[in-house]
Amino acid sequence: MEPNYDYIQKGAKIWCYNPDLEKKKDLNAPPFICGEVTYLDKNKKLLEVSTIDKKIRFAQTLPMINSEDINIDDMASASDICEIDLLNNLTNRLVISKEQFTNVASTLLIVNPYIKNEEIYSNKNIEYYINLHEKNPPQFRKVYEQPHLFDLVLVSVEKLLKTGNNQAIVISGESGAGKTEAAKNAMKCIIYYFQGETKEERLQNINNFNSRTESEPLEKKILSCNPILEAFGNCKTLRNDNSSRFGKYVTLNIDFDNKKVIGASIITYLLEKSRVVTQAKNERSFHIFYQLLNSGDTDLLDKLYLSQDPKNYYYLSNSGNVKLKNINDNQMFKETIECFRINDFTEEEINSILKIVAGVLLLGNIKFVQKGKKFDIDNTYVLKNICELFQCNQSDLVKALTLKINVINNENLESPLSLENCITSRDSLAKEIYNRLFLWIVKKMNSRLSPNYNTDSDNESEKNTKYIGLLDIYGFECFSVNSLEQLCINYTNEQLQKLYINDFFQLEIDDLTKEGLGSKTSFIKFTDNQPIIDLIDLSPNGIFLKLDDCSFQDKNDKYFVELLKTELAKNNYISLPKLKNDMVIRIKHSAKEVPYNCTNFVYKNKDELKYSMVKIFADTQDKIIKKIFFISLTDEEAENQTILLEQN
């Protein structure tokens, strides 16, 4: 398609696409650079742009609506704006003004500077913004304040107290953008606000959090959930040393009449449990594994049959990255254990949690050896240690890992698994145990954060309770190798993008139309991403539905890719492989095109756990491990699992 240069005149300042991005493959180069039109022929077919260090012919350009040195704290106040203006403004504010926050009306954009700045999220800063909100009506605040996360949070608190309507703050962005830190500090700001009506009262109550008491304040318990969630749900990726590998929605329950936090609940989404058994090069598994090994407690490690070196464990050694410069695993382990105690986890429960973490690590070290027509476990000492930790029967675990058991006419028929299927069984068990442990920890924390915890009646539930919700969801991801996990994460982000489009654009158009100003809405332009969402989830040919079909029919990944070629060949939002053995599909997401390697898609989607593995944990002698494994059941139901399985 021919470039359109109608808006360009000779001598005009414009934005020019930087050719170094493609020619030199320089990913650090800015996508657009400022230039001046130095030549333009009569037909506007040939354009030459001079920048600081080069001349570019046939340049791809955008008009410069605002000046190159634009620096405004609310982009909605600009008379007109394009995408590059917004990016340039964010850059100028961060580099020149050292400001990482910029408003776009009611949306706050935060640029992660990757520099630790404790002052920016300090209690002193919270108090500063509380003071501004108390002394100045909304229309006058911008005179005194710069955009800030605390400002956005306090606006939400004000709306709740003024209208009585529940509030929600959505925190989204690319992987590594700083969502986890933003969510933690938003929660901290809300809790701080409700500590009292005066500065002195708030500071005194917050300072009391630093001392250990027999009965810890609820607010301290809420804040202490973060280190636990990060230990078991966060890890190092290529873009972020503390990346959340799950989504969460935290609600803070507010006693509306007494202006006090009275409880909280945590909902988690889709833990990336595949990370337990494999990671990309230079990434890490979940922090808790490294924390435990670096705990410095040799007696504890001996009891768990562990050594200190992460390289001794197959599940941790393949990525080539076991230590982080900016994270002290020893210190973080102590904090994690202390946070368990603050949330009233018993020592027995903490020990069972650590036994499961150790058992998962040791599962990865199990090796298989062929004996006749079947495979057996080679390193039986590792097997023995695992069974000691899980309090389960050794021969039952061997059968679960090496045999396929079919029940025909009430008789068990055993058939040996191939080496590949033995490894798959081992890894499936490790992933599922860890996933259920994570869910159980969250369930346990929720019980401790309930408004009715440690009370003798249900009076708390009768209060006029409102809530503020914090959604901290996965960022958009595009790595060198992307799999089903990235597709699920990016699909989630497409849904959030759709929500954002509907709330900020479509509703604005509807309001203008109702007011008789429908003719004025033509200037509101946005890209609707519904076709991308339909590509992934719409019946009958959406990617997810075809993947489910392949899983139910026991088809393989190649069949799945061929099925997509047949059903989605005419879809403009997906590029399908042309070569027979090529397993990579490319989806044109709202953010960018992402290649997905479909190898193991069907296996990951099945997410099967064999009956024989379930029975191992139904028979375990450790009551807490049994409760953890049967997370979806009540404690009484979990304890009776052996009887129920035998009856069925």
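For residue 592, the lysines whose Cα falls under 17 Å of its own Cα, not counting residues fewer than eight places away in the same chain, are 25, 498. Report the calculated FRET efficiency for residue 76 and residue 439 (r = Cβ-Cβ distance, R0 = 25 Å), to the nearest 0.05. E between residue 76 and residue 439, to the nearest 0.05, is 0.05. May I ask you to list the aspartates and glutamates whose Cα is less than 15 Å away from that of residue 13, ignoring any residue fewer than eight positions away on the same chain? Answer for residue 13, where 15 Å is the Cα cut-off: 36, 48, 68, 69, 85, listed by chain and number. Taking the stretch 343-426 as the region of interest, the number of lysine pairs whose Cα atoms are within less than 16 Å, with members eight or more places apart or on different chains, is 9. The Cβ shell under 15 Å around residue 314 holds other residues with a net charge of +3, Lys and Arg each +1, Asp and Glu each -1.
Protection proxy ranking of 523-532, 596-605, by the mean of other Cβ atoms within 10 Å over each peptide's residues and highest first, is 596-605, 523-532.
How high is the FRET efficiency from residue 570 to residue 549, r the C-beta distance, R0 25 Å, rounded to 0.05? The value I calculate is 0.80. For the cross-link pairs 159/221; 221/325; 281/311, which exceed 21 Å when the distance is taken from alpha carbon to alpha carbon? Check vs 21 Å cut-off fails for 159/221; 221/325.
Add +1 for every Lys or Arg and -1 for every Asp or Glu among the other residues with Cβ under 12 Å from the Cβ of residue 182, and state the total.
Its environment carries a net charge of +1.
Remark: for residue pairs 220/248; 273/580; 188/248, the C-alpha separation exceeds 22 Å in 273/580.
Return one whole number: the accessible area per residue of the stretch 167-228 in Å², for a 1.4 Å probe. List each step's numbers first, then the result.
On the way: 2710 Å² over 62 residues.
The answer is 44 Å² per residue.
Just the number please: accessible area per residue for the stretch 277-408, 1.4 Å probe, all protein chains included, in Å². For the stretch 277-408, the per-residue accessible area is 48 Å².
If I compute solvent accessible area with a 1.4 Å probe over the protein chains, what percent of it on the chain is carbon and sulfur? Taking all protein chains in place, the chain shows 49 percent carbon and sulfur surface.
Separation of the stretch 286-327 from the stretch 495-548 is 46 Å, based on Cα centroids.
What whole-number value in Å² describes the accessible area per residue of the stretch 425-552 for a 1.4 Å probe?
Working: 6050 Å² over 128 residues.
Per-residue accessible area for the stretch 425-552 comes out at 47 Å².
Using a cutoff of 8 angstrom between alpha carbon atoms and counting only pairs six or more residues apart, the relative contact order for the chain works out to 11 percent.
Distance from the Cα centroid of the stretch 360-383 to that of the stretch 205-239 is 39 Å (rounded to whole angstrom).
Give me Rg/Rg_expected for the chain, where Rg uses Cα atoms only and Rg_expected = 2.2 N^0.38 Å with N residues. Display every interim value, and only then the final one.
On the way: Rg = 28.2 Å, N = 648, 2.2 N^0.38 = 25.8 Å.
Relative to the rule-of-thumb radius for its length, the chain sits at 1.09.
With one equal scatterer per alpha carbon and no solvent term, the Debye-computed log10 I(q)/I(0) for the stretch 213-318 at 0.10, 0.12, 0.20 1/Å reads -0.41, -0.56, -1.07.
The values are calculated or read from the model by the stated rules, or taken from the named source; none is laboratory data. This is a predicted model, so every value here is computed, not measured. Positions of Cβ are generated from backbone atoms using ideal geometry, with glycine treated the same way; all protein chains shown enter the neighbour counts. Note: areas computed on protein heavy atoms with side chains; ligands, DNA, RNA excluded. Shrake-Rupley method; radii C 1.70, N 1.55, O 1.52, S 1.80 Å.
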